[in-house]
Structures are given as structure tokens and as C-alpha cells.
Amino acid sequence: MKDFDYSIRNIRNVGIIGHSGSGKTTLTEALINYTGGSDRMGRIEEGNTVTDYDPEEKKRQISIQASVAPIYYNGIKINLVDLPGYFDFVGESIQGMRAVDMAMIVMSASQGIEVGTEKAWKYTEKIKLPKAFYINKMDRENADFDRVFELLKEKWGLKIVPVQYPIGSEKYFKGVINIVTRRARYEDENGEMTEGQIPEEYREKAEELREMVMESVAQTDEVLLDKYVSGEHLEDSEIYDALVKGCVAGEIAPVMCGSALEKKGMKTLLEDIIEGFPSPELAIPQKARDLKTDEVVYIKLTEESPFSAIVFKTIADPFVGKISLFRVITGEAKGEMNVKNPNREKMEKLSTYFHLKGKNQTPADRVIAGDIGAVAKLSYTRTGDTLSDPSMDIIYDKINFPEPVMSLTVVPKTKGDEDKISTGLTKLMEEDPTFVVERDPESAEVIMSGQGETHLEVLATKLKNKFGAEVDLNVPRIPYRETIKGTSDVQGKHKKQSGGHGQYGDVKIKFERRADDADELEFVDAVVGGVVPRNFIPAVEKGLKEAITEGILAGYPVIKLKATLHDGSYHPVDSSEMAFKIAASLAFKEGMKNAQPILLEPVMNLRVEVPEEYMGDIIGDITKKRGRVLGMEVSEDGDQIVMAEVPMSEIQKYSSELRSMTQAKGEYKAEFARYEEVPESEVNKIIEKTKALKEGK
Ligand code: GDP
């Protein structure tokens, strides 16, 4: 590190992604340890890895957040960004991918392509992030490089290029051949490390693969292609340069291999990261909007221009406060700086910078373009925001976070904890843009919506560990409604003669369904001849408006109602606003009863995207859930899209259900469509349940 020349060409940012359990965290750990960044390699099982430091990660043995670990090797700083593979934490992965120039998709040599591998591919394709594959666990039973390589080629074709090849496999896995440099590194029979020529029995295979590599890279450049076709010698450096170009153009995805657990193949892997992965200046430029012209521009990463950066992650730390992780796109962060945040239209002050390695902070004098840094205690900035020199007028493309798909209510375990909970939730929302917290005005419940049950459970645990507030999570109440199917014309009369001043109000009101089906009460004043005096008519309307907040079936608000006040009578002394309000509510109760009252339930528009083979199950399940399939389409990547309408009460746990029905390959969105009559068979169940809930209170 002492003789490290801190410049953009000496930086690599690698996002480690892939299926849960493929070995991402172990690989990060192995690379840290191999490059001298730790005395002992941490183990998932022992909960002592650098990147899975959160208590929840230790408990669940999965990564739930993106974390950064810089390593130094041969004069190059490599920022490893370990991204969670578990689907509930996709938001973290998406944030982290904004900070890297290359994704390394980790796979297991015995499992091959898994759901997480496909998702990683799809997402990196979507955001045009260059990628490589790392076939891990070469030491495991059934590890088979050739098979996995063939699967990758079958699935993604010509882009897949082998730049490494394993020496042995399963318990005989010894090391790795660098196909470009024709260099082998392995342990021989005596456990001695050998570095040098390719063993005799692998030469033919290695040459065949090298031919494949050259053929692919030659396509990236005409001069190179000419040289290759005419049989001229290509230097290793020429091949590597072309490889970088091919990766950045999205035409090549190199394949590497090794065993993270046994730390075999690390040197070759580091060599390929340094030579074959783009430095930030060669990486894809960042999409931004020019605020003056409102046009899309692409900004190259460079140390030259004034400072600009993207905040890709926020950590809410109960002790330190808010930590914002940013990646510098242009210029550098150095010393005290006043920068602007165009997303919030505010100025922020930057002063002390640091680098994070897992949870540990190392102070930094400056953070240059291409590198990842952190600052504490920004006032306004949130994840996804741009920070820039005041002279600049750009805003970097917003990170596209997935919409929340599942909601649960947050109920304090201890009364009086409400404030703690709401502060905690606000802080956690700054950390994680994939969940939202709202208060349901009707039920007064606090509702938390996120990516799935595990996501919400982890948030609840964070609330406890970080903010000392324990909560229960429940399924939210369904916002049922009531209305009428028929019509009625009734009288509401309130007459009281007790002691001094009496009370007298008398109305005749016709109740029917609104013709335009709108939800609000439609009140029509059809009184003639002053039978109900002008000054009491607003009281009648007010009385009705109050009355409809509680229907007569199960106490839910009444919607789509039209009430026509057409007759009534008054008393010159005893009539009052209050008396007419009461008369109106009496009329309402009577009128509802006589006009076929019904219960309404919210119905959702459901859009499910699944691979073809799950279609039958999905449609069957929708039917079982009292749903209606409206249509089908084929998505861009060949999946099936099913559009349907399903009652809200049937899909409150759909995110978990869909996951288990489709091995996590399905995705869905649901939004409110309209209210529909609850079928006869369900009405009594709902009325009973609501009653029980009320009595429980
Ligand atoms: P992640 O979820 O992708 O971060 O995967 P982890 O790093 O948590 O690893 C999942 C499991 O696979 C752990 O039990 C690791 O010890 C194990 N593992 C990781 N890499 C290797 C490897 O190269 N060989 C073998 N045999 N096991 C490995």
C-alpha cells in the first residue's frame, strides 16, 4: 500500500453477485486474506467474515446488505462489493451495482445455473453492466467445469469466453491455468505450490480454449482481427486489452474458476481482474441528465473535471448517525467542500472522508474519480442522489428500485415505544429505498411495505437492535366497504319533548346507488316549499356524511351512495341543526336496511411474470383465489406475463407463495383496481371476523 499510486487507472471496482450460497462472501473473504488484509480467513459458519458483519447476517448466514471491502494487490486497489443474493434484498444489490464497473457472477461448480445466476445476468444486461463468471467450489463433489461452461454457452452463446481452466476437480482440484498467459499455478502431489508451464496433459485443451479466446477478442477490433486472421502473433497484453474492450461493449463475458474455501486460484483470479477488468476510466460512462438542456448525457469517469458523485448506499448507524457511501464519477473529494445535491435542491458540506472495509472505517485524505468513499452526517442526502460541485448542472440517473410487493402492520410490543419506532423506521427508510412506511388513515395502523416477508422481518429486527424498539408484524386489515344494491325511500324523524327545549327534525330521503359509480356521497337537495328550512339542509348533509363512515353490515365506510332529500317537516321552536343531523342518520340506517346492503372488497390488478413452465400452476392458483385471468403476453425476455384481477384478501402473502410456486423465478406487481361485491359465501365470515376484531380491542 505504501507505494500505491492513487490514480484512476489503478482502481478496479468489482461487484460480487449471484445465487445465495454460491460463495460470494467466502470469495470476498478469501481475496482479503490472500492479499494480506486479514490474519485469518473468516468463515460464514463462524460469523466472523469482514462483509457479513451485521448481527442479522450472522444469524441467518446470508448477506442482507451490500458491503465494500477494498484490497490492494500489485499496485492496484480493488474494491470488492459483496452484494446479497437473497431476493428480498434486491434493493441492496441494485444500489451496489451503481458503484462497480464490472459484475462477477459467482456460481457453484456443482450446481450450474441457478435462479440467482439468471437474475444476475438479466439485471446486469438491463443496466448494461459488464460481467464475468466465477465458477466456485471446484473442490466440491460433482464439481464439473466443462459442464457448467457448456451450460453457460448454451444459454448465453458466443459471449461466454474461458480465460481460465481448472487443474483437477473435486478432491483432486489443485489449481488454475491462465489461458491468456499460458501460466499454471497449482499444488503438486507434495502440496508444493508450482507456478509455471501448463502440465503436459492440459496443453492441448488449453490451446483449444486459447483459440476460442482469441477468436472472440479479435472481433472487438479490426486491426486485431486482421492480425489474427493472417496468423500473426498476438501479445498477451493485446488480448487482455481487447478483452476489456469486449467486456465493456457487452460482447464478452469471461469465465474464471477456483475454490474460495480452499483459496485456490486466487492469484490467477487477481491477475485476470487487474488485466482483464476495466479500470473506471475505461468503464461504461454514467447516464445523467443535463439540468440546463434537459437532455440525456453520458459522463465519463475522469479525475479531470470538477467533483461529482453518486450516493449508492446509506447506513443508519445509531451511534455515528448517517453514513453515506458514494462513488466519485468526476474530479475528487478533498478537504472541506460545499457541494450541491440537485435531487433535494440543497447544499451539503463535505469534510471528513473515509473508506469502509466491512464495518471498519479508515480515514481518507481524498477520494478520487472511480473510487468509493464515505462521509458521515449529511443533512438531506439520500440513496441515489447526486452530489456535485456547484458549477455543475447534472443529475445522475436515478437508481431504479423495485416497488414494494408485500405489506405488514407494525404493532409496538410495549406501549409508549411509538416515537422510537417512528424515528427508527424513518432512519431505516433512508438506508433502504425498497420499503415504505405509511399510516393507514382508516385503521390508524402503521403499515410497512417491502420486498417480502424476510425483508420485513429483518427490518423489524434492525428496529430492535439499532433503535431498541420491539414490534410485532401482522397482516394488515382489508379495507372493506359497504354499499346498497337496491333503492329505498325512508323517513328519519327525531322528536324529543323532555323538560324545557324540545328537539325536532324530520326528513324523507331517497337512497340509491350513484349512477356514475363514484365513491363519495352524492347529496341532492330536492326540497320544495321550505318543508325543511334552508338553514337546516347543510346539517342534513353533514349528518349523512358522518353516518356513512360506519355501515350497517360490519361497520365499514359506505360508498357509491346517492341520497336525495325531498321532503320533511320542522318545528318553529324545537328544530335545530343537531336535531336534523340526528334525523338524517336515522334515515340513513333505515334506508340502508331497505335497499339491499352489500359488502364490497378491494380487488387488485395482478401482473405476474413467470417462465412458461409455471403458467399452468399460476393460472390454477389465481382461479383458486377467486381471481379472473384477463389476458397473457410474452415479455421481452421470453417469459409469460399473466394479467388478472384477484381480491386483495387472497394475495396478502403472494410474494412468499409465488416464490415457492416458481422456485423464486416469478415476479409480480399488484395495484388497486376497484371495489367489488363480496360473494355470499364470504360475507358472514368477514362480518364475524370484524366483530371479533372489534371486541378484541
Ligand atoms: P454467499 O451466500 O454467496 O455469500 O455464499 P457463502 O460465502 O455464504 O457460502 C455458502 C456456503 O458455501 C458456505 O458454507 C461456504 O463455506 C461454502 N463455500 C463457499 N465457497 C466454497 C468453495 O469454494 N468450496 C466449498 N466446498 N464450499 C464453499
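Largest first and in whole Å, give the semi-axes of segment 330-488's equivalent ellipsoid, each being the square root of 5 times a Cα gyration tensor eigenvalue.
39, 21, 14
What number does segment 86-181 give for Rg over Rh if you use C-alpha atoms and the Kirkwood radius?
0.99
Divide, for segment 176-225, the radius of gyration over alpha carbons by 2.2 N^0.38 Å, where N is the residue count.
1.42
Say R0 is 41 Å: what FRET efficiency, to the nearest 0.05, do Lys689 and Met632 get from their beta-carbon distance?
Efficiency at R0 = 41 Å is approximately 0.75.
How do the peptides 188-201, 110-123 rank, highest first, by the average count of neighbouring beta carbon atoms within 10 Å per residue?
110-123, 188-201
When the C-alpha atoms of segment 397-511 are aligned to their principal axes, what extent does each axis show, in angstrom, from largest down?
Here the Cα extents, ordered largest to smallest, are 63, 37, 27 Å.
How much length would be gained if the chain were fully extended between His571 and Glu457, taking 0.36 nm per residue of separation minus their Cα-Cα distance, in nm to one decimal?
Contour length minus Cα-Cα distance gives 34.9 nm.
Work out the FRET efficiency for Ser422 and Glu200 from their Cβ-Cβ distance, taking R0 = 56 Å, and round it to the nearest 0.05.
Efficiency computed from Cβ-Cβ geometry: 0.20.
Taking the chain as the reference, fit the longest principal axis to its C-alpha atoms, fit the long axis of helix 236-248 to the helix C-alpha atoms, and give the angle between the two in degrees, 0 to 90, nearest 10.
10 degrees
At q = 0.18, 0.19, 0.30 Å⁻¹, what base-10 log of I(q)/I(0) does the Debye formula yield for segment 531-573 when every alpha carbon is treated as an equal point scatterer in vacuo?
Listed by q, the Debye log ratios stand at -0.63, -0.67, -1.09.
Provide the three semi-axes, in whole Å and in decreasing order, of the ellipsoid equivalent to the chain as defined by the square roots of 5 times the Cα gyration tensor eigenvalues.
Ellipsoid half-lengths, sorted descending, are 63, 28, 23 Å.
In whole percent, what relative contact order does segment 245-356 give with Cα contacts below 8 Å and a gap of six or more residues?
Relative contact order comes out at 15 percent.
Order of 94-105, 381-392 by packing, highest average Cβ count within 10 Å first?
Taking the mean over residues of other Cβ atoms within 10 Å, the ranking is 94-105, 381-392.
Starting from the Cα of Lys377, step 7 Å along the direction of its Cβ; do the same at Glu550; then give the gap between the two resulting points in nm.
5.1 nm
How long are the semi-axes of the ellipsoid equivalent to segment 556-697, from square roots of 5 times the Cα gyration tensor eigenvalues, in whole Å, largest first?
46, 17, 12
If packing is taken as the average count of other Cβ atoms within 10 Å, what order do 260-268, 462-470 fall into, highest mean first?
Those peptides, ordered most packed to least, come out 260-268, 462-470.
Give, to the nearest whole percent, the P(r) tail of segment 423-490 beyond 20 angstrom, counting all Cα pairs.
40 percent
Counting pairs on different chains as well as pairs 8 or more places apart, how many Lys pairs in segment 374-477 have Cα atoms under 21 Å apart?
Lysine pair count for segment 374-477: 19.
Using r as the Cβ-Cβ distance of Ser230 and Lys159, and R0 as 25 Å, what FRET efficiency do you calculate, to the nearest 0.05?
With a Förster radius of 25 Å, E is 0.50.
Calculate, in nm to one decimal, what Thr362 and Lys413 gain on full extension: separation in residues at 0.36 nm each, minus their alpha carbon distance.
Residue separation times 0.36 nm, minus the Cα-Cα distance, leaves 14.5 nm.
Can you list residues from other chains, or at least 5 along the same chain, whose modelled amide H is less than 5 Å from the amide H of Ile179?
Excluding prolines and chain starts, which carry no amide H, the hits are Gln164, Tyr165.
Along the Cα-to-Cβ line of Gln652, 7 Å from the Cα, sits a label point; which residues in segment 572-607 have backbone N less than 19 Å from it?
It comes to 599-606, nothing else.
Projected onto the charge dipole of segment 226-268 (+1 at Lys/Arg Cβ, -1 at Asp/Glu Cβ, origin at the Cα centre), which of Ile239, Ala253, Gly265 gives the Cα projection farthest towards the positive end?
Value: Gly265.
Using 0.36 nm per residue of separation minus the Cα-Cα distance, give me the extension gain between Glu430 and Leu473 in nm, one decimal.
The span from Glu430 to Leu473 would gain 13.4 nm if fully extended.
For segment 250-351, what are Rg and Dmax over the alpha carbons, in angstrom?
Looking at segment 250-351, its Cα Rg and Dmax stand at 18.5, 54 Å.
Readers should treat all values here as calculations from the given coordinates under stated rules, not as data from a laboratory. As the structure is a computational prediction, the values presented were derived from the model and not from experiment. No Cβ is skipped: glycine too gets one built from the backbone with ideal geometry, and neighbour counts run over all protein chains shown.
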